[in-house]
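For reference, the structure discussed in these notes is given below.
The values are calculated or read from the model by the stated rules, or taken from the named source; none is laboratory data. Model, not experiment: these values are computed from the prediction. In this analysis, Cβ positions are derived from the backbone assuming ideal geometry, glycine residues included, and neighbour counts consider all displayed protein chains. Surface accessibility is based on the protein's heavy atoms, side chains included, excluding ligands, DNA and RNA. Shrake-Rupley method; radii C 1.70, N 1.55, O 1.52, S 1.80 Å.
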Amino acid sequence: MKTLTTDEAVKWCVNHKIAVDAKGDHEIAFKGYNVLRFEIPQAVNRVYWLSNVIQEKLQPWDQCLLWVTAWGIWESSENWHLYYRLRRSYADDKLIEEAPGHLFLGNEKQDFVSFLQLGLQYGWDVCLFPENSNNRAFASHDGWVELAMVDQVDLEKTKRELRESEIILL
């Protein structure tokens, strides 16, 4: 995992033909996609499970940008010590304000899942932009995720899978 500044995250998106503004607005990047919105479950074990599901739905990717675009909204849910200890395990001492982008390689999928799980539990806004994938995602501090998929058939299949797993569709 490598962290990116906001400018570097924007540049990475531009280089990978992902339309974003300087703040990482996901709505621009989702234009022309079929979008499925669902709730983030409250149970911690379900958040970990959902993080894995989202990672799988973003496949295939050799790189994936996890871009935290808002934090500090639900301060009582944030464990900064844990976040920075995890980030430090990559020899990264930067503050999230300095480098809110987290670029993962294809062999770091479980690392991606760990950071995504924290973002979902902490109530952060998180954009998920995989390289070479037809799918994208956005997690909102308001407790929902949008999964954007090009293929309507894949979206319907995902909708059924989430319903069967008792995830609330919005």
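Return the pair list, or none, for Cβ contacts closer than 8 Å from residues in the stretch 115-140 that are without any contact (Cβ under 8 Å) to a residue 40 or more places away in the chain to residues that are part of a strand (DSSP E or B) and surrounded by fewer than 21 Cβ atoms within 10 Å (Cβ to Cβ), at least 6 apart or on different chains.
Once the first residue is without any contact (Cβ under 8 Å) to a residue 40 or more places away in the chain and sits in the stretch 115-140, its partners that are part of a strand (DSSP E or B) and surrounded by fewer than 21 Cβ atoms within 10 Å (Cβ to Cβ) give 140/125; 140/146.
Within the stretch 15-29, track down each residue that is closer than 15 Å to residue 145 by Cα and either without any contact (Cβ under 8 Å) to a residue 40 or more places away in the chain or surrounded by fewer than 19 Cβ atoms within 10 Å (Cβ to Cβ) (or both).
25, 27
Going through 67, 74, 12 one at a time, which residue ends up being in contact (Cβ under 8 Å) with a residue 40 or more places away in the chain and open to solvent by 80 Å² or more (accessible area, probe 1.4 Å)?
Of 67, 74, 12, the one residue that is in contact (Cβ under 8 Å) with a residue 40 or more places away in the chain and open to solvent by 80 Å² or more (accessible area, probe 1.4 Å) is 74.
Six or more apart or on different chains, Cβ atoms under 6 Å: show the pairs whose first residue is in the stretch 40-56 and polar (S, T, N, Q) and whose second is open to solvent by 30 Å² or more (accessible area, probe 1.4 Å) and assigned to a helix (DSSP H, G or I).
51/117; 55/109
Here are the criteria: (1) at pLDDT 95 or above; (2) open to solvent by less than 50 Å² (accessible area, probe 1.4 Å); (3) closer than 18 Å to residue 133 by Cβ; (4) not in a helix (DSSP H, G or I). Tell me which single one residue 3 does not satisfy.
Evaluating residue 3 over (1) at pLDDT 95 or above; (2) open to solvent by less than 50 Å² (accessible area, probe 1.4 Å); (3) closer than 18 Å to residue 133 by Cβ; (4) not in a helix (DSSP H, G or I) leaves (3) as the failure.
Looking at residue 96 and the list (1) open to solvent by less than 70 Å² (accessible area, probe 1.4 Å); (2) over 20 Å from residue 12 (Cα atoms), which single condition is not satisfied?
Of everything listed in (1) open to solvent by less than 70 Å² (accessible area, probe 1.4 Å); (2) over 20 Å from residue 12 (Cα atoms), residue 96 misses just condition (2).
For the stretch 42-64, enumerate the residues that are of a type in the set (A, V, I, L, M, F, W, C) and open to solvent by less than 60 Å² (accessible area, probe 1.4 Å).
Correct list: 43, 47, 50, 53, 54, 58, 61, 64.
The rows are residues; the columns are (1) more than 14 Å from the chain's Cα centre (by Cα); (2) open to solvent by 20 Å² or more (accessible area, probe 1.4 Å).
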site	(1), (2)
82	yes, yes
87	yes, no
127	no, no
135	no, no
